[in-house]
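Below you'll find the structure, written out as structure tokens, and then a few comments.
The values are calculated or read from the model by the stated rules, or taken from the named source; none is laboratory data. Being a predicted model, the structure only gives us computed values, none of them experimental. Methodologically, a virtual Cβ is constructed for each residue, glycine included, from the backbone with ideal geometry; neighbour enumeration extends over all protein chains shown.
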Amino acid sequence: MNGTPQTDTASLPTLTLVRQLWQQTWPMAMGVMSLLGFYLVDSIFVARLGTEPLAAQSFTFPLAFLVIGVQVGIGIAIAALISRAIGAGQQEQANRLGALVLVGGGLLQGMLVLVLWLIQEPAFRLLGASDEIRAMIRPFWALQVPAMWVGGVVYFGYSLFRAHGNTRFPGMMMVATSLLNLLLDPILIFGIGDWQGLGLPGAALATLLAFSIGGVIVAYALRGKGWVQRHGMVAQVRVSAWPFAQIAGPAMVSQLMPPLAAMVATALVARSGDQAVAAWGMASRLEGFSIVWVLGMTMALPPWLGRCYGSNDWATVRRLMQVAAGMVIIWQVVLGLVMAFFAAPLASVLVDTPAVQAYLTVLIRWIPPSYGFLGVCMLVVSASNALGWPMRAMVISFLRLFLCYLPLLWLGLEFGGFGGFALGAALGNVLAGIMAWGFYQQALREDHLSVQARSN
């Protein structure tokens, strides 16, 4: 189980369980932290160029998250299918699936980024970008689009390693490419010596170069392992299409909903001006960095829960989820309150422009304390996929965004201005966490009754 504890979890003392859960979580968290840390620092560099470049970059986030959503959904499905094939002793099938990862996934990602390139003008206009901002976006987007494609192919390569039980190499590569990106960012954005740099497009070029170098290293690492077999790949499509759809469908839909909601949120923020959009973009980057531990747990906990599900050990499931939710709430609420207390100085570190600082201060003061409840919602969605409730996970993701979050954003903005918008985001997170935990408890009761019925 890739390091998952094999002891009787239900009988362990709480502190021991916390320790084991922490040991499972922190390696995942470090890998994610390196990526999110890069994204945050990247935005800090761009913020030094001024409000308009930061706003231009912020307008691209929803479309970029759309690509990432598809990429993650494909990765979840393919990794699961490859792992099952290896577990069944079907190594040749696993190798053919490996080829499908790189070829099929690459083609799908390529078509998606091509569409995003073709619709950029109406898409960014719909999001509320002004003519001036769209003019800034064009050269940046011209480099960001191929960077997203290369990043997707590299991610599929990482999925092959994870499917074959090697998580260290992808983790090391995520850290390495993030550090390389951070090294290239200031050089390509601001220049060096007499060279003035590229400005905003330099940030995209740094990402493209870092991902490309990472892709070369991944290709070299894959060479000779035999994990990619093109012979019989077309026939494998017919065999694996339906199992793939069953896994990837709900996962992809769940991953696509946040970027769609981000588009709506960005369009709402745009009503308050470019400074507000710039602040919202920085706050979004800060959010990802702030919940990195939650993200790590959502990757570390599912294998553990899956083992419990396979053995019908629902007592352990309850215990694990109670401990995990408690850890998430305590950590994120404390961190959120600290961030809220230092909102103004934190905003001044992240951005230079006073107007953007003011907007960002409001966002930091209200939203981070609610991340504990957001974390519970994310935990329940991740656990639902592991416990055989993929459709429930998709429903929770939908309700979180389109029932709890976005309506409160709109109501807050309508009746309270930008401060109401920030408060609406916080209340939406709280409501989502409560709603998700209720769905989880309901699912447990239904499964318990189902088990009782079968035993009778």
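Quick look at the values:
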quantity	calculated
Residues of segment 1-51 that turn out to be modelled with pLDDT of 70 or more, hydroxyl-bearing (S, T, Y) and under 17 Å from G171 (Cα atoms), as a count	2
Only listed residue being in a helix (DSSP H, G or I), modelled with pLDDT under 90, out of contact with any His (no Cβ under 8 Å at 6 or more places or on another chain) and surrounded by 22 or more Cβ atoms within 10 Å (Cβ to Cβ), chosen from F169, F156, F161	F156
Qualifying residues in segment 301-349 (those that are farther than 30 Å from W366 by Cα and among the small types (G, A, S)) - the one modelled with the lowest pLDDT	G310
One residue from F402, F415 being assigned to a helix (DSSP H, G or I), assigned by TED's automatic domain parsing to the domain that holds Y440, more than 28 Å from T51 (Cβ to Cβ) and of a type outside the set (D, E)	F402
Yes/no for M391 being in a helix (DSSP H, G or I), touching a Pro at 6+ places or on another chain (Cβ under 9 Å) and surrounded by fewer than 24 Cβ atoms within 10 Å (Cβ to Cβ)	yes
Subset of segment 400-409 that is touching a helix residue (DSSP H, G or I) at 6+ places or on another chain (Cβ under 6 Å) and of a type outside the set (K, R) - its residue that is nearest to A432 (Cα to Cα)	C404
Residues located in segment 148-192, provided they are in contact with a Phe, Trp or Tyr (Cβ under 6 Å, 6 or more places away or on another chain) and closer than 16 Å to Q109 by Cα	V150, G151, V154
Residue list for segment 340-358, filter: part of a helix (DSSP H, G or I), buried (at least 22 other Cβ atoms within 10 Å of the Cβ) and either β-branched (V, I, T) or not assigned by TED's automatic domain parsing to the domain that holds M282 (or both)	V356
Considering residues of segment 359-388 that are buried (at least 22 other Cβ atoms within 10 Å of the Cβ) and not in a helix (DSSP H, G or I) only, the residue farthest from the chain's Cα centre (by Cα)	L387
